[in-house]
Amino acid sequence: QVQLVESGGGLVQPGGSLRLSCVASKKISDIYLMGWYRQAPGKERELVARITSGDWPNYADSVRGRFTISRDNTKNTVYLQMDSLKSEDTAVYYCNALYGNKDHWGQGTQVTVSS
């Protein structure tokens, strides 16, 4: 089992930035794939970005060029740097880890982009 704890969400104006953090209870160097998903009200959960243990990132088209995913193995933490935020980025953001052939999820952190 892997416990994941997200932080860093909040209210930000359009065009602003936020950085989300996800701390894992296990060494993330042992976790092949970690990522961020989001779910807006009335919509299905969708992939935002993910990164392999070899530091290969992958992004949804809607965030490519604005968001950056990274991982710090020394802190067992995955980050999501979000720049040029838009109102349509408003959602609950969830950290995900694929470990032991099973998906693990954090509790989520709310991101609201509004003026």
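The values are calculated or read from the model by the stated rules, or taken from the named source; none is laboratory data. Not measured: the values here are computed from a predicted model. Please note: Cβ atoms are built from the backbone with ideal geometry, for glycine as well, and neighbour counts cover all protein chains shown. Please note that ligands, DNA and RNA were not included when accessible areas were found on the heavy atoms of the full protein model with its side chains. Shrake-Rupley method; radii C 1.70, N 1.55, O 1.52, S 1.80 Å.
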Percent accessible area from carbon and sulfur atoms, the stretch 29-88, protein chains only, probe 1.4 Å: 45 percent
GluC sites (Glu not before Pro) within the stretch 3-102, DSSP loop, no more than 14 other Cβ atoms inside 10 Å: Glu44
Straight-distance crosslink candidates among aspartates and glutamates, where the alpha carbon sits under 16 Å from Lys75 and sequence neighbours closer than 8 are dropped: Glu6, Asp30, Asp55
Surface per residue (accessible, 1.4 Å probe) for the chain, Å²: 54 Å²
Candidates Gly54, Gly16, Gly35, ranked by Gaussian network fluctuation over the chain, Cα under 10 Å, top entry: Gly54
Cα centroid separation, the stretch 81-115 to the stretch 1-34 (Å): 8 Å
The chain: relative contact order in percent, alpha carbon pairs under 8 Å with at least 6 residues between: 37 percent
Reach of Lys43 by Cα under 14 Å, taken over aspartates and glutamates that are not fewer than 8 positions away in the same chain: Glu88, Asp89
